1. How much net charge surrounds V431 when only the other residues with a Cβ under 10 Å from the Cβ of V431 are counted, with Lys and Arg +1 and Asp and Glu -1?
2. Averaged over every viewing direction, what's the projected area of the C-alpha convex hull for the range 61-192? Give it in nm², one decimal, please.
3. Per residue, how big is the convex hull around the C-alpha atoms of the range 308-411? Give it to me in cubic angstrom, could you?
4. Measuring from the lowest to the highest alpha carbon on each principal axis, how far does the range 403-468 reach, largest first, in angstroms?
5. How large is the accessible surface per residue of the range 1-49, computed with a 1.4 Å probe and reported in Å² as a whole number?
6. Rounded to the nearest 5, what % of DSSP beta bridges with both residues in the chain are antiparallel?
7. Run the accessible area of the range 122-232 with a 1.4 Å probe and give the carbon-and-sulfur part as a rounded percent.
8. Please give me the summed charge of the neighbours of I67: other residues whose Cβ is under 15 Å from its Cβ, Lys and Arg +1, Asp and Glu -1.
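The values are calculated or read from the model by the stated rules, or taken from the named source; none is laboratory data. Quick caveat, the model's predicted, so the values are computed rather than measured. Counting neighbours? That spans all protein chains shown, and the Cβs are built from the backbone with ideal geometry, glycine included. These area figures cover heavy atoms from the full protein model, side chains too; ligands, DNA and RNA do not enter into them. Shrake-Rupley method; radii C 1.70, N 1.55, O 1.52, S 1.80 Å.
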Amino acid sequence: MTYILALDQGTSSTRSIVFSEQGLIVAQAQQELPQIFPQPGWVEHDPIEIWRAQLSTLKQALASAGIQARDVAALGITNQRETTVIWNRKTGLPIYNAIVWQDRRTEPACALLREQGLAGTIQAKTGLLIDAYFSGTKLQWMLDHVDGARALAERGELLFGTIDSWLMWQLTGGAVHATDVSNASRTMLFNIHTNQWDADLLQALRIPAKMMPQVLPSSSLFGHIKTDLLGHAIPIGGVAGDQQSALFGQACFSAGMVKNTYGTGCFMLMHTGDQAMHSHNGLITTSAAQVNAQAQYAIEGSVFVGGAVVQWLRDGLHAIQHSSEVQALAESVPDSGGVMVVPAFTGLGAPYWKPDARGSITGLTRGSTVAHIARAALESIAFQSAALLQAMSRDLASAGQAQVRELRVDGGACVNDLLMQFQADLLGIEVLRPEVIETTALGAAYLAGLSCGIYKSTDELSQLWRVERRFSPQRAPAYATELMAMWEHAVKQTVL
């Protein structure tokens, strides 16, 4: 049997999954990733811990599958995208913790870029809005705040990377400093039309070009794992940021196909083919995973707090002991009783882009219980996702294109039937859950498999995608309209 190994380094956990040639999970291993919160609005990870956990889960997955490294045809990497690491080229050690994509500390730097009139230029070149979400200002912050960092960077002694680059550097023993187009497109420093680092943007943020990794198509031979790690030099054949990887794993290869990932955050992407569509409704343009030199694009909406609201119910409110208990608690009441939870714990992402928004619970009455709050928290995931699809629909309408007919879903929270049915009712379209919901890792495996010849084309991959369950709308459109109006009213109250 042919095996492909996928490394899935996420925000809340680190995983390794062994896939069969048919795209089925053979074995997997996972470790929770500790979150570091130095100040309100700051979120960090320990890069060394990420590497140790990734190597540990990799070995555990191989052992669980009962195979050796030599049995693995190729390895793919997918990762939390905008999280930023700087390390010393000579020692291989990070100069600071990784600054996580959720971190808001660089909003003042973003405000300065807007004041300098760079918003239009940055959006035209990168497809992105200026926001602390993206890597560029995180990289700038480290150079400005870590003693001696800027001087070292100017001398070429420091390297920048998102988590994929950091893992490849470690896996190859420092032989490879690279990334793929999908991760590069999330930095606010990469021109998605030329597929190159942009000299003007690097200069605007005062970032030395020699820090930047080489950029390759997502399905490429990036390098080989050093032999002494596992006893065999497995080729690294696929790399993609988690959401573009999930789009690929969902077999959304053509324009108009949409997926939504329900993870720590929620991320909805619509493939737009080889055309970079510009959104007028708060979405961003991004590079989709590429299998060759031909550029591919998507428009995306990002929700900062999706499944993480369940962690808040568990760890913050202590409403549940285990995340798996949330569906039963939410189903213990027929509806939220008018309660609305807007989990703007780190501001609001697309389509609102309100960095100063803060979480709120509205509609409380004397009859409100923790079950109503739990249901409202769960429903907030669907409300935020519905707002993204509405924004996409407006963009499609203005472009004279057909509306979305179905939504493919994945990620940990999509196993919640209550949430998926509520999502279908809000959207008024079918929600399709595939047999393999680990599509983020699956996309990385498919990219690696294409590069090493296991798969001949994306058409072959489309045949492997199978539906596990369809959720069809069961409520009248007026129901969704009324609820979305209540949601938008609650959102307005999150900014004082």
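1. Details: positive: R408, R433, R469, R470; negative: E406, D425, E430.
Local net charge: +1.
2. Numbers: hull surface 39.0 nm².
Mean orientational projected area (the range 61-192, Cα hull): 9.7 nm².
3. Numbers: hull volume 13.4 nm³, N = 104.
Given the Cα convex hull of the range 308-411, per-residue volume reads 129 Å³.
4. Ordered largest first, the range 403-468 gives principal extents of 42, 26, 16 Å.
5. 42
6. On the way: 52 of 74 bridges.
Roughly 70 percent of the DSSP beta bridges within the chain come out antiparallel.
7. 49
8. Numbers: positive: K59, R70; negative: E21, D71.
Taking every other residue near I67 into account, the sum is 0.
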